Every structure is written in structure tokens, then in C-alpha cells.
Amino acid sequence: MDKPASVPDRFDAVVVGAGFSGLYMLYRLRQLGLSVKVFDSAGDVGGTWYWNRYPGARCDIPTTDYTYSFDPELEKEWTWSEKYATQPEILDYLRFVADRHGLRSDIEFSTTVTSARWDEPGKQWRITTGGGREVRCRYYIMATGCLSMPKSPDIDGAGRFAGQVYFTSRWPHEGADLTGQRVAVIGTGSSGIQSIPLIARQARQLTVFQRTANFSIPAHNGPPPAGRLQQLDGDRDAYRHAARWSRGGVPLEPTDVLGVTASEAVRRERFEAAWEQGELFGILNVFADQGVNPPSNDIVAEMIREKIRAAVEDPETAEALCPKDHYFGTKRPCLDTGYFETYNLPHVRLVDLRKQPIVSITEDGIETADESFGFDAIVYATGFDAMTGALVGADVAGRDGVSLREKWAAGPSTYLGLMTAGFPNFFMLTGPGSPSVLSNMTVSIEQHVDWVARCLEDLRDEGLETIEPTAQAEAGWDQHVQDCGAITLYPTANSWYMGANVPGKPRVFLPYIGGVDAYRQACDEVATRDYLGFRMTGPGGTRCRDGVVRSMQPDVAMVMEFVNALGLPPMETLSAADARALMTATAENRPPGPEVGKVTDGVIPGPDGDLPYRLYRPAGPFEGPRPLVVYFHGGGWVLGNLDSDDPLCRDLCARSGAVVVSVNYRHAPEVRFPAAALDAFAAVQWADANAIELGGIPGQLAVAGWSAGANVAAVACQLARDAGGPHITGQLLLCPAVDSDLTRPSYEENGDGYILTTALMRWFWDHYADPADRGDPRAAPLRGDLAGLPPACIVAADFDPLRDEGVAYARALEAAGVPVRLARARGHTHTSVTMVDVVISGAPVRAEMAAALGDFFPAAEPPAHVS
Ligand code: NAP
């Protein structure tokens with residue numbers, strides 16, 4: 001019997017979008033036995049490949065990789081005709097998949113979802129479609145793609161043009177015949193660069209309006225690469241597995257060649273090989289450091305510019321086509337077929353909008369600051385409101401009626417790019433905060449769909465009805481996404497990755513750049529840890545294991561992985577001499593740290609003989625006196641010397657503009673407590689007495705130190721106070737050892753696996769001080785009288801066993817009336833902040849340390865700039 005029209009349909013799941021992600025989602029949901037309805041405003045399957053029919057449209061990942069892997073039989077039945085298949089062929093493939101699995105019966109085409117509302121009492125979504133029909137579902141899944149919402153032409157007068165108007169993203173199905181016409185193309189992103197050579201073949205006159213020159217490499221299209229086919233034929237499963245666990249979703253051996261240190265011959269050879277290969281991931285992998293280190297990036301960028309200059313005959317046009325305002329890769333690079341050569345055709349002209357911006361579009365053409373152009377057709381290749389446009393445009397309102405647009409007004413916030421708090425049972429496939437556009441989309445899509453399917457299955461098995469991220473888990477993931485972006489050059493560009501192409505859109509790095517492999521690991525871990533960070537509800541109540549899945553800085557995690565893989569012997573099992581040798585050996589190939597003006601070595605008189613020191617004077621025109629910082633290295637009173645902390649001292653000097661005097665003190669076990677502390681105090685006295693000779697400003701003297709060095713610096717402050725001088729204006733303590741009590745929670749939480757272990761700390765104490773001495777404030781300054789001490793800046797690192805005693809010292813100083821700045825080295829370990837130019841995320845912490853020094857010395861000269 002037919003249902004009355006007023007009763008809405010009810011499905012277990014509604015999916016929006018019938019492209020790569022929607023089709024596979026439907027397939028998996030059906031496998032689970034769920035009832036599903038898919039809506040798509042298009043007339044057929046295909047998603048992005050349904051709409052983007054402009055001439056020249058192809059994928060930019062080799063099609064052998066840009067393909068589903070879930071169905072081995074499908075893989076056998078379908079062969080791609082080209083390395084980079086055309087849009088019609090990819091669309092045919094998706095139709096073939098839909099037919100093969102009978103997917104169309106659950107898809108409603110030409111149907112737009114206009115709104116979705118979470119119904120809390122009913123624990124369901126109420127979905128309204130274009131015709132005003134309502135359907136209800138428990139799970140609402142947006143498979144709407146990352147580049148599906150065209151950007152409106154934000155150009156004055158755009159509606160006035162009386163000729164033909166085309167958008168690459170909405171190309172007419174019947175095609176567009178531009179033969180003999182005067183055509184304008186606005187935009188030189190991937191769509192423009194792919195279509196321009198073909199439009200040039202038809203047009204009588206083609207004028208390209210370029211706002212930003214883009215990097216593009218030749219696709220060298222042709223048959224699928226033989227090597228790739230061999231790999232697939234040899235062991236398809238192994239190949240697909242490698243893709244799933246690769247950084248970008250295409251198997252690739254990441255290089256460890258650094259651009260800055262490679263020879264000219266190696267640079268050239270690697271670049272030319274990537275150029276010949278014609279693959280995006282290849283050209284992004286010429287050097288390991290090109291995505292993070294400007295000089296390395298410049299090498300690749302300049303080699304591409306050379307190629308552009310060689311391809312384009314007119315030098316002025318060539319120069320205008322050379323990208324110079326962004327680092328290579330930070331805007332999506334393009335793959336082309338004859339793009340630059342197109343400008344050698346007599347009827348093709350480039351207009352550089354940086355020189356003559358568009359003033360307005362007129363009835364019969366385009367007016368720039370310098371010229372009026374008449375056209376028969378204008379093609380907009382102006383891009384998309386990427387990653388968030390389709391999601392916020394869909395009018396989704398979660399619990400309490402808050403819409404996604406409102407929630408994301410300052411930028412998207414997601415957990416794993418999959419879900420967002422306040423929107424129960426609402427899933428996004430390849431949403432912001434997932435690798436999506438930085439990866440081979442098909443691999444990322446399959447991973448997302450599989451994760452969602454497993455999640456729904458687990459919910460069902462557990463009798464649970466809803467799932468939603470917690471605020472804490474989501475904030476943690478958002479932070480991790482930004483942390484990953486921040487160590488790269490990507491945030492420097494005005495790209496659609498940053499939302500910068502859409503006027504008024506918040507500037508946030510949208511995709512997750514930590515890698516498909518790392519991302520998959522995080523998603524798997526969340527699921528296996530009982531859906532860490534998700535709140536699940538059911539008739540039996542609420543279940544939630546709250547937490548943050550990744551809180552270590554990504555570059556720190558990489559260093560830890562590297563160090564742990566070395567399998568070095570635990571230091572505490574070595575003799576002091578062997579431990580010192582090991583420390584020296586591991587420091588051998590590290591970067592030297594920034595240049596400073598002058599470095600001089602000398603000795604000072606200590607309580608029992610000379611102590612070596614090294615003085616760092618900042619660079620810059622200012623020759624006059626500077627504030628003085630006496631610095632003490634780390635190493636548990638046993639290890640370390642002037643060299644061990646050299647990069648850190650350079651960095652502190654360059655950032656703060658102070659003269660830094662690093663003093664070596666006597667080490668245990670040869671000389672035990674209190675020698676190191678007494679040496680430190682003597683060094684401070686000497687520096688104060690010799691301030692002028694050292695280039696310092698008398699009365700502007702601070703102490704600084706790391707770890708055990710921070711211990712002796714803190715003790716020196718107490719001794720100076722007790723002795724009535726010298727006057728110390730501030731103490732900068734990085735991850736200080738201030739107490740001998742090794743039972744604080746951070747010793748448990750961070751006791752193993754982060755280089756400085758609890759066992760090693762015990763070893764240090766055993767070498768340094770007898771148990772009877774360990775309560776002496778000269779060993780454990782936390783136990784001393786803290787009144788009247790100099791203002792302090794204490795840096796406590798999250799993954800440091802010493803974190804809690806650092807925090808305790810800050811609190812105790814504060815309680816004693818000492819001004820304290822407690823800086824959290826978020827996501828750092830005991831050692832990582834000191835790894836100058838290795839751990840990029842340490843730079844902001846060191847900048848804060850330098851700023852604290854600046855606060856100790858209000859009259860200091862402005863420091864030389866260090867990034
Ligand atoms: P896009 O990369 O955002 O490029 C848009 C172009 O239009 C840019 O050159 C942009 O200049 C210009 N533009 C935008 N607004 C303008 C204005 N008001 N005045 C003048 N110029 C303006 O968009 P897309 O080319 O469509 O590509 C988007 C993404 O889709 C690609 O990056 C890629 O990920 C994907 N895609 C892939 C393929 C493929 O090969 N498989 C093909 C097409 C697209 P600015 O740079 O100055 O903003």
C-alpha cells in the first residue's frame with residue numbers, strides 16, 4: 001500500500017553526493033544492511049567529473065592510482081587508456097561502477113538537499129530537499145567533495161557581459177563551440193591551465209587574464225606508465241597497501257636528500273628526473289626539505305622558472321608567467337600539456353593583472369586599468385570555495401539549532417575531518433582537517449568511507465544510537481592540523497588551501513598535511529581506543545573516553561621516531577665517558593644555528609681553576625653595549641659543554657639582541673655537588689664585574705639555562721640574593737631541574753620514550769649529589785627561600801618528566817611574590833626546544849624565551865630578525 005504523502009520517508013542513512021565518495025559510501029552502507037538514500041543535484045553519477053567538463057579536463061594523479069581499490073574484480077575489468085585519463089573516461093568509469101553494483105536504484109538525481117536539522121528527541125536528522133519533501137535518517141553523510149562549490153565571480157560588472165559566459169566548473173553538457181571567437185579566460189589555476197591550450201585551438205583570439213602566475217609541469221601524458229602497470233600486475237594488493245600507507249596516497253619512496261646541502265649535480269639530476277616523470281608527488285619530492293625550508297624550495301622553483309623561460313619566446317610574457325609570489329607547492333601545482341608554449345601562438349596574449357588589474361567587466365568585454373578588450377565569450381576558471389563551501393552552503397543545523405555556517409564562522413573545526421561537535425551522527429567525507437586535497441583523493445575517500453562504515457557497525461553492535469566528538473578531542477585535532485601546517489611553508493601562500501581565494505573567508509589552513517599514513521594511523525587508533533574523543537549514547541546511557549589523539553608537535557614526533565629507530569643504548573646504562581661520547585656523536589650533523597655577529601672563546605677564574613666560556617655578540621650595526629645573559633648548558637650535571645648548546649645560544653643571542661656568555665661548569669661524577677652551582681655563581685659574579693669588557697650594560701644581567709643548566713642558574717640567583725649581589729635582573733629557565741623528588745606525575749607520564757627518561761634523571765642525580773645533599777636548596781632550589789628572587793620565565797614542556805617541577809617552581813616563586821612568566825612548550829619534550837633548525841615548532845617557544853629576556857631588559861636594542 002502506498003504511504004500517505006505526508007509521512008516522510010525514513011532511512012538509516014542519507015548521503016549527499018554521488019561522486020567517488022558517495023558511491024562507495026552507498027556500497028558500504030548497503031553491505032551493512034542499512035537502508036540508504038543518496039541525493040545529488042546532478043543528472044547522473046560523477047560528482048566533480050559530472051560538472052567539470054571543460055576542454056582538457058583530466059585528473060592530475062595517474063589514473064592507475066586514481067581509482068577504487070575495494071573491488072578486485074572491478075580492477076580487472078577496467079583498464080585506463082591514458083596515464084592521466086580525460087574527464088569523459090573518468091565519468092564513464094564511475095557510471096560503470098554504479099552499474100556494476102546496481103547503485104543507481106538508491107540514488108535520486110537532480111535533487112538538491114536544501115536543509116538538514118538534527119532532531120534531538122527523535123535522535124534523527126530531518127532532511128528537506130528542493131521540492132520541499134522531508135526525509136528522516138539516523139546518519140547524515142556529506143559526500144559533497146572538496147572542490148564542488150564554484151566561487152562566484154568576484155569581479156565588478158560580471159553580470160553585465162552580453163556575450164557567452166562559461167564556467168570551467170559548470171561547462172555545458174553539449175560543449176561550447178568557440179571556433180573563430182574572441183575569447184577571454186580569467187584564471188590560471190589547474191582548470192585554466194588545462195583548458196587554455198585547447199581553447200586556443202578554437203578561438204580566433206585568446207586573451208588570458210592572469211592574477212597569479214602558477215607553477216606547472218608537463219604531464220607527459222600518454223599510455224599508463226609501463227613500470228606502474230608492471231607493479232600492479234605483479235602484486236596489486238601490495239601496491240594498494242603501499243598506497244594506503246604512503247604519505248600522499250601514491251606509493252613513493254620519500255627522499256632524504258636536502259636541497260640546501262645537495263651538490264649542484266645531484267640537485268639537477270633529481271629535478272630533471274621529476275620533470276621527465278611528470279607527476280605531482282615526484283616534483284614535490286625532489287628534496288626532503290623543499291616544503292619547509294625556503295632556500296631549498298627556491299632551488300626547485302628557480303629550476304621550474306628556467307623551464308618556463310625556455311618554453312616561452314617573448315621574454316616579457318615568460319617573466320610574467322614565472323611564479324614569484326609563493327613557494328613552490330604552497331598553491332596546488334598544475335600538470336599541463338603545452339600550456340606555456342600556447343603563449344607562443346600569435347593569437348594568444350597574456351594580460352598580467354598585477355600590472356593592469358581588471359576595473360570591470362562591461363557589456364562587450366573587459367576593461368583593465370590600461371585597456372579595453374572586446375570579447376565574444378568569457379571563460380571563468382576562477383576556482384572554488386574549497387573544502388568548506390559545499391558543507392556550510394548546505395544549511396545544516398545541529399543540536400540547539402546552531403548551523404555549521406555559524407559554528408565555522410572563524411574557520412572549520414572538526415575531529416579527524418570526519419565529524420564536528422554539536423552535530424551528532426553527521427559525517428563528512430574528506431572534510432577539512434583530513435588529508436583530502438593534499439592526497440590521492442580516491443585513497444583518502446576509501447579510508448574515510450571504511451572508517452565511517454566500521455564506526456556505524458560498531459555502534460550497531462554495541463546498541464548505541466548517536467556519536468559525536470567531544471569539544472576537547474575536536475580542539476586537540478584542530479590544533480594538530482594547524483601545528484602540522486605551521487611547520488611547512490603552506491600557510492605563507494594566498495591559496496585556496498588557506499581559504500584565501502574567497503573574499504572574507506577566514507584564513508585557516510584547511511587540509512591535514514601530516515600524511516595519509518599518519519592520518520590513517522590516528523583514525524585507526526581512535527577507533528581501537530574505544531572511539532577516543534567521541535561521546536556515544538544509547539538506551540543504556542552515555543559512553544565517552546575523552547582525550548586528544550595527537551598532542552605532540554609533528555616535527556617532535558618525527559624526531560622521536562627517528563631517534564627511537566636508531567636503537568641507541570639507554571644512556572643510564574653507559575659510563576659517563578661513553579654517554580658524553582654518544583651525546584657528541586649524535587650532535588655531529590645538526591645544523592649550526594643562526595649566524596651571530598661575533599663568537600669568542602675565553603676562560604674565567606672559577607672557585608677551583610679556570611672555567612671556559614663562549615661569548616656570542618649579536619650581529620647588526622649597533623656596536624654599543626648590550627644586556628648580558630650568562631647561560632648554563634644542559635646535560636644533567638654530567639654531560640654537555642660549550643659546543644653542546646651552541647646552536648641554542650646563537651639562537652637566543654640573535655633573537656634577544658643580548659650578549660650571551662655561555663659558561664662551562666665542572667661536571668659530575670668527577671666533581672660532585674655543589675661544584676656546578678658554585679661555579680655558576682662565580683660566573684655570574686665575574687660577568688657582573690666585567691660587564692663593560694664583555695660588551696654588556698652594567699646592571700642589566702640575566703641568567704639562563706636549560707635542564708641542569710637551569711638548575712645552576714636558579715641556584716645562582718638564590719646565592720646572589722643571599723650574598724647581597726650581584727643584582728640579577730631575570731632568570732630564564734628552560735625545562736629546569738629544580739627538585740630531587742622524582743615522583744611527580746610527569747615522571748610517570750613522560751618517564752620513558754622521550755629521550756630524557758626518569759631512569760636517566762635518576763642516573764644524573766646519582767652522579768651529581770649524595771642522597772643526603774639532595775634536599776639542599778643548592779641542589780633542589782624549589783626547596784629554598786624564594787622571596788626576593790629575580791623575575792623568572794620558566795618553560796615547561798608537555799612531554800618532559802621535569803614538567804611538573806618546572807610548573808611547581810613557577811607557582812612557588814609566584815607565591816613568594818616573584819613575577820613569573822610560565823611558558824608552556826606545547827607538544828614538546830625536554831630536548832626538542834633546543835633543536836634549532838631541526839624542530840621548527842620550537843622556534844615560537846624560543847621566540848617567547850627571547851621576548852622574556854627582552855622584558856628583563858626594557859632598554860634593550862631591538863633584536864636582529866630571526867624567523
Ligand atoms: P584555482 O586553482 O583556485 O584557480 C583559480 C584561478 O582564478 C587563479 O589563477 C586565481 O588567481 C584566479 N582568480 C580567481 N578569482 C579571480 C578574480 N576575481 N580575478 C582574477 N583572477 C581570479 O581553481 P581551479 O583552477 O579550478 O583549480 C582548483 C583546484 O581543483 C586545483 O587546485 C586542483 O586541486 C583541482 N583541479 C584539479 C584538476 C586536475 O588536474 N585534476 C583540474 C582542475 C582543478 P589567484 O591565484 O590570484 O587567486
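Descriptive notes on the structure:
- Pairwise Cα distances in region 199-245 exceed 13 Å for 75 percent of all pairs.
- Antiparallel DSSP beta bridges within region 610-698, as percent of all bridges there, nearest 5: 45 percent
- Ignoring lysines fewer than eight residues from residue 331 along the same chain, the ones with Cα atoms less than 19 angstrom from its Cα are 151, 307, 505.
- Gap separating the Cα centres of region 85-105 and region 553-579, nearest whole Å: 51 Å
- Using the Cβ-Cβ distance between residue 292 and residue 7 with R0 set to 51 Å, the FRET efficiency works out to roughly 0.35.
- For region 580-667: rounded, prolate or oblate by the Cα gyration tensor [a/c cutoff 1.5]: oblate
- Close amide H contacts of residue 336 (hydrogens built in the peptide plane, cut-off under 5 Å, sequence separation of 5 or more or a different chain): 217, 219.
- Farthest toward positive dipole pole in region 260-384 [+1 Lys/Arg, -1 Asp/Glu at C-beta], among 273, 310, 375: 273
- In this rough spin-label picture, where each label sits 7 Å from Cα along the Cβ direction, the residue 177-residue 32 distance is 5.0 nm.
- Model label zone, residue 395; criterion: amide N under 20 Å from point 7 Å along Cα-to-beta-carbon; scope region 43-74: none
- Compared with the direct C-alpha span, the chain from residue 693 to residue 622 gains 23.9 nm at full extension, assuming 0.36 nm per residue.
- Under Karplus coefficients 6.51, -1.76 and 1.60, residue-wise ³J(HN,Hα) of region 122-136 in Hz, glycine/proline x: x, 6, 8, 9, 10, 10, 10, 9, x, x, x, 7, 10, 10, 10
- Spin-label model distance (nm) - residue 92 vs residue 241, 7 Å beyond Cα toward Cβ: 3.3 nm
- Each other residue within a Cβ distance under 11 Å of residue 730 adds +1 if Lys or Arg and -1 if Asp or Glu, for a net charge of 0.
- Potential lengthening of the chain between residue 75 and residue 355 amounts to 95.8 nm, from the contour at 0.36 nm per residue minus the alpha-carbon distance.
- Charged neighbours of residue 395, selected by a Cβ distance under 13 Å, balance to +3 (K, R count +1; D, E count -1).
- Residues residue 100 and residue 170, FRET efficiency given R0 of 25 Å [Cβ-Cβ distance, rounded to 0.05]: 0.35
- Vicinal HN-Hα couplings computed from phi for region 413-420 (Karplus, 6.51 cos²θ - 1.76 cosθ + 1.60; Hz; Gly/Pro x): 9, 9, 10, 6, x, 9, 9, 9
- Here is the tail figure for the chain: Cα pairs spaced more than 43 Å apart come to 42 percent of all pairs.
- Heavy-atom accessible area per residue - the chain, 1.4 Å, Å²: 38 Å²
- Ligands, DNA and RNA left out, the 1.4 Å accessible surface of the chain is 52% carbon and sulfur atoms.
- Gyration tensor (alpha-carbon) shape descriptor, region 601-716, a/c threshold 1.5: prolate
- Distance-filtered residues of region 715-739 - backbone nitrogen under 15 Å, label point 7 angstrom along residue 816 Cα→Cβ: 715-725, 728-733, 737-739
- For region 359-395, chymotrypsin sites (Phe, Trp or Tyr not before Pro) meeting the loop criterion (DSSP other than H, G, I, E, B) and having at most 16 other Cβ atoms within 10 Å: none.
- Region 87-233 - charge dipole about Cα centre, Lys and Arg +1 at Cβ, Asp and Glu -1, debye rounded to 20: 240 debye
- Computed label-point distance, nm, for sites residue 402 and residue 372 using a 7 Å Cα→Cβ extension: 5.3 nm
- Overall form of region 565-611: oblate. Here a/c, set by the Cα gyration tensor axes a ≥ b ≥ c, is 1.5 or more, and a/b is not larger than b/c.
- Potential lengthening between residue 743 and residue 589 on full extension [0.36 nm per residue; Cα-Cα distance subtracted]: 51.9 nm
- For region 176-231 and region 349-408, distance of Cα centres in Å: 20 Å
- Under the Debye formula (equal points on every Cα, no solvent term), log10 I(q)/I(0) of region 1-110 at q = 0.10, 0.11, 0.14, 0.22 Å⁻¹: -0.33, -0.39, -0.60, -1.24
- DSSP beta bridges in the chain [antiparallel fraction, %, rounded to 5]: 40 percent
- Interchain or long-range residues, amide H under 5 Å from residue 820's placed H: 792
- Partner aspartates and glutamates for residue 123 [C-alpha distance under 14 Å; skip if fewer than 8 residues away on the same chain]: 12, 400, 465, 468
The values are calculated or read from the model by the stated rules, or taken from the named source; none is laboratory data. As the structure is a computational prediction, the values presented were derived from the model and not from experiment. Cβ: placed from backbone, ideal geometry, glycine included. Neighbour counts: every protein chain shown. We work out accessible area using only protein heavy atoms, side chains counted, and drop any ligands, DNA or RNA first. Shrake-Rupley method; radii C 1.70, N 1.55, O 1.52, S 1.80 Å.
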